Amino acid sequence: MAVWLKRGSVSDKAVQDRRVRDTVEAILQDVETRGDEAIRQLSVKFDGWDREDYRLTETEIEACLSQLTKRNLDDIRFAQAQIRNFAEHQRASMKDIEVETLPGVFLGHKNIPVNSVGCYVPGGKYPLLASAHMSVITAKVAGVPRIITAAPPFKGEPAPAIVAAQHLAGADEIYCLGGVQAVAAMAVGTATIAPVDMLVGPGNAFVAEAKRQLFGRVGIDLFAGPTETLVIADDTVDSELCATDLLGQAEHGPDSPAILLTNSEKLARETIREIERLLEILPTAEIARKAWEGFGEVIVCDSYEELVAEADRIASEHVQVMTRDPSYFLDNMTNYGALFLGPRTNVAYGDKVIGTNHTLPTKKAGRYTGGLWVGKFLKTCTYQRIESDSASALIGEYCSRLCALEGFAGHGEQANIRVRRYGGRNIPYAGIAE
């Protein structure tokens, strides 16, 4: 039976969630009504950033690149090469198909990229250039013709590393614009920003809520909340490794859940003590401590089977597995965003450089969706073709009878007219094929 040695202290977020919903709704309405004027006022209000046009010029982009060292740029290119390589393998796995299911009946599907995508790159607190790799490159590999990006200013100006990542990834338009106003501008459109068909990328609670409210008007990658991490460990690893991997993700924000799941009570208690030690020296401890105190958990289970059951219940965004047999969890877990198997890898590798995408499902969405990948930017669209009269008449007879069962006379006549023309059967108007 699972036993909690630590639970989070925050339980009711209803009031905060309501405030976020109301704020976002008002901003979206304002942008739709006043367009660029609203965008500018919101940018000044929230980011202290005032421009006539928020799209960066080629000169500004080159100026950002010139602020980075050759090593900086080489590191960005290395990360992007890993992400592009894995995305290309994913794309190659998706085939257009056409099959002859009956003599003369051909069915198929095509994987068609969406026409335009808006990629949000968070960067108000940390310049998260990795989010540019994950969205822009993946969309490029999928074949999206128009890709635009938006990221907030960092310390009062475009963040050089983010701009470099957006540019090197292949963004067609780069905007220095943050928050809900950026998401709204890309989805709704203004006089200076043409709207997109799909929004992708992580963000804070307000950005996530904006994507939720805009879903349907545009497509989105997934509903995302605060970063989550789950460490599954046994006594083959030590408390320092567990504590480091938990706090390494807790620093994302004060509402980021970090959970240890183990079958070793000794490791559990040692990890709690080690976390307190690391919080005294971690440079981002102010944020990480709030996350740990408010949303951190330590759960002790009896067996691997129970660990899997608890992990699937939690359905965490990131799952770090450090056990004698990590493959057991790969083979048996079903609810997660991404797995990091064994102590040699970790969530930071996935976040920044290894090649898998870091935009992943949170808030238990791993029960029904995976993360961002090439396939998210593709529409799998079907088609059908019949090349013989006899095939059309055969399908038509079945279709006519099935339409009659449902009472759809008009549908039935679509079948009947073809049975008459291609099959030589004298079926009366809206009649039933015998």
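The values are calculated or read from the model by the stated rules, or taken from the named source; none is laboratory data. Computed from a predicted model, the values in this text were never measured in an experiment. Note that each Cβ is placed from the backbone with ideal geometry, even for glycine, and that neighbours are counted across all protein chains shown. Surface areas here come from the heavy atoms of the whole protein model, side chains and all, with no ligands, DNA or RNA. Shrake-Rupley method; radii C 1.70, N 1.55, O 1.52, S 1.80 Å.
Could you say whether any residue in region 142-155 is crowded, with 24+ Cβ neighbours inside 10 Å, over 18 Å from Thr59 (Cα atoms), β-branched (Val, Ile, Thr) and free of Cβ contacts under 8 Å to residues at least 60 places away in the same chain?
Within region 142-155, one or more residues are crowded, with 24+ Cβ neighbours inside 10 Å, over 18 Å from Thr59 (Cα atoms), β-branched (Val, Ile, Thr) and free of Cβ contacts under 8 Å to residues at least 60 places away in the same chain.
Every residue in region 301-335 that is among the β-branched types (Val, Ile, Thr), more than 22 Å from Lys266 (Cα to Cα) and in contact with a strand residue (DSSP E or B) (Cβ under 8 Å, 6 or more places away or on another chain), please. Before you say what the answer is, go through the steps one by one.
Restricting attention to region 301-335, the residues satisfying the condition of being among the β-branched types (Val, Ile, Thr) are 308, 314, 319, 321, 323, 334.
Those still in the list that are more than 22 Å from Lys266 (Cα to Cα) too: 314, 334.
Correct list: Ile314 only.
Sort out which residues of region 201-215 are among the aliphatic types (A, V, I, L, M), within 14 Å of the chain's Cα centre (by Cα) and open to solvent by less than 10 Å² (accessible area, probe 1.4 Å), and write them in order of number. Give the steps one after another, and end with the answer.
Keep residues of region 201-215 that are among the aliphatic types (A, V, I, L, M), which gives 205, 207-208, 210, 214.
Now narrow it down to the ones that are within 14 Å of the chain's Cα centre (by Cα): 207-208.
Passing the criteria: only Val207.
Being buried (at least 17 other Cβ atoms within 10 Å of the Cβ) and under 30 Å from Thr138 (Cα atoms) narrows it down to one residue among Gln82, Gln67; which is it?
Working: Gln67 fails: buried (at least 17 other Cβ atoms within 10 Å of the Cβ).
Going through Gln82, Gln67 in turn, just one is buried (at least 17 other Cβ atoms within 10 Å of the Cβ) and under 30 Å from Thr138 (Cα atoms): Gln82.
For region 112-125, check the following and say yes or no: at least one residue is more than 23 Å from Thr59 (Cα to Cα), buried (at least 24 other Cβ atoms within 10 Å of the Cβ) and in contact with a strand residue (DSSP E or B) (Cβ under 9 Å, 6 or more places away or on another chain).
yes
From the list Ser135, Ser131, which residue is assigned to a helix (DSSP H, G or I), touching a strand residue (DSSP E or B) at 6+ places or on another chain (Cβ under 6 Å) and touching a residue at least 60 places away in the same chain (Cβ under 8 Å)? Give the derivation first.
Values: Ser131 fails: touching a strand residue (DSSP E or B) at 6+ places or on another chain (Cβ under 6 Å).
Step by step, each of Ser135, Ser131 is checked, and only Ser135 is assigned to a helix (DSSP H, G or I), touching a strand residue (DSSP E or B) at 6+ places or on another chain (Cβ under 6 Å) and touching a residue at least 60 places away in the same chain (Cβ under 8 Å).
If you check Arg18, Arg7, which single one turns out to be closer than 23 Å to Leu214 by Cα, surrounded by fewer than 14 Cβ atoms within 10 Å (Cβ to Cβ), modelled with pLDDT under 95 and not aliphatic (A, V, I, L, M)?
Values: Arg7 fails: closer than 23 Å to Leu214 by Cα.
Of Arg18, Arg7, the one residue that is closer than 23 Å to Leu214 by Cα, surrounded by fewer than 14 Cβ atoms within 10 Å (Cβ to Cβ), modelled with pLDDT under 95 and not aliphatic (A, V, I, L, M) is Arg18.
Can you tell me which residue in region 263-297 is most open to solvent (accessible area, probe 1.4 Å), limited to those that are β-branched (Val, Ile, Thr) and closer than 10 Å to Ser239 by Cβ?
Ile272
Can you find even one residue in region 373-381 that is open to solvent by less than 80 Å² (accessible area, probe 1.4 Å), hydrophobic (A, V, I, L, M, F, W, C) and over 30 Å from Ala338 (Cβ atoms)?
No; the residues of region 373-381 include none that is open to solvent by less than 80 Å² (accessible area, probe 1.4 Å), hydrophobic (A, V, I, L, M, F, W, C) and over 30 Å from Ala338 (Cβ atoms).
Give the residues of region 339-359 that are of a type in the set (A, V, I, L, M), without any contact (Cβ under 8 Å) to a residue 24 or more places away in the chain and either over 24 Å from Phe223 (Cβ atoms) or open to solvent by 60 Å² or more (accessible area, probe 1.4 Å) (or both), sorted by residue number. Full working, then the answer.
Looking only at region 339-359, we keep the residues that are of a type in the set (A, V, I, L, M), and these are 339, 341, 347-348, 353-354.
Now drop any that are not without any contact (Cβ under 8 Å) to a residue 24 or more places away in the chain, which leaves 339, 341.
Within region 339-359, just Leu341 meets the criteria.
What tally of residues in region 7-52 results from selecting those that are assigned to a helix (DSSP H, G or I), in contact (Cβ under 8 Å) with a residue 60 or more places away in the chain and of a type in the set (Gly, Ala, Ser)?
Residues that pass the stated criteria total 2.
Restricting to region 53-77, name every residue that is among the polar types (S, T, N, Q) and either free of Cβ contacts under 8 Å to residues at least 40 places away in the same chain or closer than 30 Å to Ala38 by Cα (or both).
Taking region 53-77 first, the residues among the polar types (S, T, N, Q) are 57, 59, 66-67, 69, 72.
Once the filter is applied, which keeps residues that are among the polar types (S, T, N, Q) and either free of Cβ contacts under 8 Å to residues at least 40 places away in the same chain or closer than 30 Å to Ala38 by Cα (or both), region 53-77 yields Thr57, Thr59, Ser66, Thr69.
Only one of (1) at pLDDT 95 or above; (2) open to solvent by less than 70 Å² (accessible area, probe 1.4 Å) is not met by Thr362, so which one is it?
Answer for Thr362: the failing condition is (1).
Counting only residues that are more than 19 Å from the chain's Cα centre (by Cα) and at pLDDT below 95, how many does region 89-125 have?
Residues flagged as more than 19 Å from the chain's Cα centre (by Cα) and at pLDDT below 95 within region 89-125 amount to 2.
Being free of Cβ contacts under 8 Å to residues at least 40 places away in the same chain and either in contact with a Cys (Cβ under 6 Å, 6 or more places away or on another chain) or open to solvent by less than 60 Å² (accessible area, probe 1.4 Å) (or both) is the filter here; which residues of region 219-251 pass it?
Across region 219-251, the qualifying residues are Ile220, Ser239, Ala243.
For region 165-200, enumerate the residues that are within 23 Å of Arg84 (Cα to Cα), in contact (Cβ under 8 Å) with a residue 60 or more places away in the chain, crowded, with 24+ Cβ neighbours inside 10 Å and not hydroxyl-bearing (Ser, Thr, Tyr).
Filtering region 165-200 down to residues within 23 Å of Arg84 (Cα to Cα) leaves 165-175, 196-200.
Imposing the further condition that a residue be in contact (Cβ under 8 Å) with a residue 60 or more places away in the chain reduces the set to 165, 167-169, 173-175, 196-200.
Going one step further and asking which of them are crowded, with 24+ Cβ neighbours inside 10 Å, we end up with 165, 169, 174-175, 196, 199-200.
Within region 165-200, Ala165, Ala169, Ile174, Val196, Leu199, Val200 meet the criteria.
Residues that are closer than 22 Å to His89 by Cβ, at least 2 per element: which helices (runs of 4 or more DSSP H) completely within region 325-434 meet that? Full working, then the answer.
Values: elements: 326-332, 347-352, 389-406, 409-423.
Once the helices (runs of 4 or more DSSP H) in region 325-434 are filtered for at least 2 residues that are closer than 22 Å to His89 by Cβ, what remains is 326-332, 347-352.
Which of the residues that make up region 78-121 are touching a residue at least 24 places away in the same chain (Cβ under 8 Å), part of a strand (DSSP E or B) and of a type outside the set (A, V, I, L, M)?
Hits for region 78-121 are Phe106, Gly108, His109, Lys110, Asn111, Pro113, Ser116, Gly118, Cys119, Tyr120.
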